[in-house]
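The values are calculated or read from the model by the stated rules, or taken from the named source; none is laboratory data. These figures come from a predicted structure and were not determined experimentally. Cβ atoms come from the backbone with ideal geometry, glycine included; neighbour counts cover every protein chain shown. Quick note on the areas: whole protein, heavy atoms, side chains included, nothing else; ligands and nucleic acids left out. Shrake-Rupley method; radii C 1.70, N 1.55, O 1.52, S 1.80 Å.
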2 protein chains.
Amino acid sequence: MAKLQKSIDKRNALIKATIELVNNNGFHATPMSKIAKMANVSPATIYLYFENKQDLVNKTYVEVKAEYTKYAFATYDETMPVEAGFKLIWNRIADFKLKECENAMFLAQCDNTPMIDEQSRQEGIKHLQPLLDLWERGRQEGIIKPLSDYLLYAYAINPLSFLMIIQKRGVFTLDKAHLEEAYQSAWSSIKVCQ
Amino acid sequence: MAKLQKSIDKRNALIKATIELVNNNGFHATPMSKIAKMANVSPATIYLYFENKQDLVNKTYVEVKAEYTKYAFATYDETMPVEAGFKLIWNRIADFKLKECENAMFLAQCDNTPMIDEQSRQEGIKHLQPLLDLWERGRQEGIIKPLSDYLLYAYAINPLSFLMIIQKRGVFTLDKAHLEEAYQSAWSSIKVCQ
DNA sequence: AAAAAAAGAATGAACATTCATTTTTACATA
DNA sequence: TATGTAAAAATGAATGTTCATTCTTTTTTT
């Protein structure tokens, strides 16, 4: 137990260091040596936990993505009405992006670059199913516009990533008041007007 | 004249190669030697046109961004009604992202990573002013929701970047029919409901 | 005391950049 | 128009560094 515990701590430290360094410097400017230093570990130790640099980044991505979706759906259950369910999930996602800003930034960077292997990318998408199911239900009930999942995601969810990134750059603050407005925009863009 | 012409061709070839290689492999996996090869040029020649790799990427970003905004506003004039103006600009942006997909992908990658110097990023933002002015007019006329420019951009424009990226990955096609739907979502999310 | 984990130094490859040389251009002169 | 030549442009090879990864040794665990 103690031994395993210790290993997991090191592994977590490595993943955390990877996220922080890649966020601030980009993949191309984060050498393994820096990751090791930040995690208080020898460079050689990284290779006890990960095959190589690419594997480290892939695994980091998949794990952070899993955390993200777990958080997003934690309080949702599929018997909720569509609008309430969407609002709940949307706000959980917004919460995550605000509170776990580093993690969310890392995901955004991975999602917009060829940093990650295609396979890991696919892996990361899987966890999103509950949201897609909710949308399907919403379309069937005539509450949500009959758009493809991609369009719905583009207009309802993805804008949060943009807002988080520019917030991180310091020109804009995404506070609670903004969030309510943002939610209204998100919902307006996908709901059926009555 | 002939001499200058030749130089500009080389420079353009270098910028084009940079875009293509960074799009496909990411900054971290595009060595100067590959850029040179793709541009049919010696590695040393790059340094006649750009200070170093970072300068090459910065300049590429700023130039592509300028092209993008030039295209976006080419047929717009500020006497148009707000809604028509927005629709026009939105469609020009969509056009650009479809037709100049490589360029748009490159911008998206730069906008979501620390690849680019902050200074070049600022430089790139400047050109967006006509859209911000249009929004201000729209807010004053009570046509556009009283949201900050950042929120408006997040919901009305940025989703196109997301759609373009996943289209490039081959799971989704952003055709003319989708575009009309996307425009409706964009407009719904920022217009004042009457 | 054997096995596992970790460390730091070593290795070799890849790379950005520079250097020494060659090629091309622009243009003056015949 | 042809030719010589100085400047500019371009090149391929060389340089020195950085970095991912591996090797050997040490430390920790059981």
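Considering the dipole of chain B built from charges on the beta carbon (Lys and Arg +1, Asp and Glu -1) around the Cα centre, which of B:129, B:45, B:15 is farthest to its positive end?
It is B:45, whose Cα lies furthest towards the positive end.
Would you mind giving the mean number of other chain beta-carbons within 10 Å of the Cβ of each residue in A:115-123, as a whole number? Write out the running numbers ahead of the final one.
Working: counts 7, 1, 0, 1, 0, 0, 1, 1, 0.
Averaged over the peptide's residues, the number is 1.
Treating the beta-carbon of each Lys and Arg as +1 and of each Asp and Glu as -1, no other charges, what is the dipole magnitude of segment B:1-50 about its Cα centre, to the nearest 20 debye? Don't skip to the end; give the middle numbers.
Details: 7 positive and 2 negative charges, 33 e Å.
Result for segment B:1-50 is approximately 160 debye, rounded to the nearest 20.
Order A:149, B:55 by their accessible area, 1.4 angstrom probe, all chains in place, largest first. List each step's numbers first, then the result.
Working: A:149 45, B:55 20 Å².
The residues order as A:149, B:55, largest area first.
Using only Cα atoms, figure out Rg for segment B:1-50 and give it as a multiple of 2.2 N^0.38 Å. Please list the in-between numbers first.
Details: Rg = 11.0 Å, N = 50, 2.2 N^0.38 = 9.7 Å.
Normalised Rg, Cα atoms only: 1.13.
Per residue of A:183-189, count partner chain C-beta atoms within 10 Å of its C-beta, then hand back the mean as an integer. Before the final figure, lay out the partial values.
On the way: counts 0, 6, 11, 4, 2, 9, 11.
Mean partner shielding for this stretch: 6.
Just want to confirm a number: the relative contact order over segment A:1-50, from Cα pairs under 8 angstrom separated by 6+ residues, in percent.
On the way: 30 pairs, mean separation 16.7, N = 50.
Once divided by the residue count of segment A:1-50, the mean separation gives 33 percent.
First select every other residue whose beta carbon is under 9 angstrom from the beta carbon of residue B:124; then total the charges, Lys and Arg +1, Asp and Glu -1. Please list the in-between numbers first.
Working: positive: B:65, B:121, B:126; negative: B:111, B:123.
Result for the neighbourhood of residue B:124: +1.
Using 0.36 nm per residue, how much length does the chain from residue A:9 to residue A:193 gain when fully extended, once their Cα-Cα distance is taken away? Intermediate values should be presented prior to the final figure.
Numbers: separation 184, 0.36 × 184 = 66.24 nm, distance 5.04 nm.
Using 0.36 nm per residue and subtracting the Cα-Cα distance, I get 61.2 nm.
How much length is gained on full extension from residue B:184 to residue B:63, taking 0.36 nm per residue of separation minus their Cα-Cα distance?
40.5 nm
What are the distances, in nm and sorted shortest first, from the label point of residue B:67 to the label points of the same position in each other copy, with each label point placed 7 Å from Cα along the Cα-to-Cβ direction?
3.8
What gaps in nm, shortest first, separate residue A:171 from its twins in the other copies when you place the label 7 Å past Cα toward the beta carbon?
Inter-copy label distances (nm, one decimal, shortest first): 3.0.
In square nanometres and to one decimal, what's the mean projected area of the convex hull around the Cα atoms of chain B?
Values: hull surface 50.9 nm².
With the hull built on Cα positions only, its mean projection is 12.7 nm².
Checking the table A:65/A:87; A:16/B:53; A:191/B:99; A:65/B:191; A:97/B:34; B:97/B:191 against a 26 Å threshold on Cα-Cα, which pairs fail?
Numbers: A:65/A:87 20 Å; A:16/B:53 29 Å; A:191/B:99 30 Å; A:65/B:191 33 Å; A:97/B:34 37 Å; B:97/B:191 23 Å.
In this structure, A:16/B:53; A:191/B:99; A:65/B:191; A:97/B:34 lie more than 26 Å apart at Cα.
Magnitude of the Cβ-charge dipole of the protein assembly as shown, K/R +1 and D/E -1, about the Cα centre, nearest 20 debye? List each step's numbers first, then the result.
Numbers: 48 positive and 46 negative charges, 214 e Å.
It comes to approximately 1020 debye.
Going 7 Å from the Cα of residue B:29 toward and past its Cβ, which residues in segment A:109-152 have a backbone nitrogen under 18 Å from where you end up?
Counting only backbone N, you get A:109-124.
Which of the three applies to the protein assembly as shown, rounded, prolate or oblate, going by the alpha-carbon gyration tensor with a ≥ b ≥ c and a/c under 1.5 meaning rounded? Don't skip to the end; give the middle numbers.
Details: a/c = 1.97, a/b = 1.06, b/c = 1.85.
Note, shape of the protein assembly as shown comes out oblate.
Within 10 Å of each Cβ of A:26-35, how many other protein chain Cβ atoms are there on average? Intermediate values should be presented prior to the final figure.
Working: counts 7, 7, 9, 4, 1, 0, 0, 0, 0, 0.
That works out to 3 on average.
Taking springs between alpha-carbon atoms closer than 10 angstrom, which of A:84, A:36, A:94 fluctuates most in the Gaussian network model of chain A?
Comparing A:84, A:36, A:94 in a Gaussian network model of chain A, the most mobile one is A:84.
Applying 1/(1 + (r/R0)^6) with R0 = 35 Å to the Cβ-Cβ distance of residue B:148 and residue A:48, what FRET efficiency is obtained, to the nearest 0.05?
Details: r = 48 Å, r/R0 = 1.37.
Step by step, r from the Cβ atoms, then E = 0.15.
Note the distances from residue A:132 to each other copy's matching label point, with points 7 Å along the Cα-to-beta-carbon direction, in nm, sorted shortest first.
Label-point separations across copies, in nm and ascending: 3.9.
Using Cα-Cα distances under 8 Å and only pairs 6 or more residues apart, what relative contact order does segment B:62-190 have, in percent?
Working: 89 pairs, mean separation 38.3, N = 129.
Contact order relative to length: 30 percent.
So what's the net charge close to residue A:147: Lys and Arg +1, Asp and Glu -1, counting the other residues with Cβ under 14 Å from its Cβ?
Details: positive: A:139, A:145, A:191; negative: A:136, A:149, B:175, B:180, B:181.
Net of charged neighbours comes to -2.
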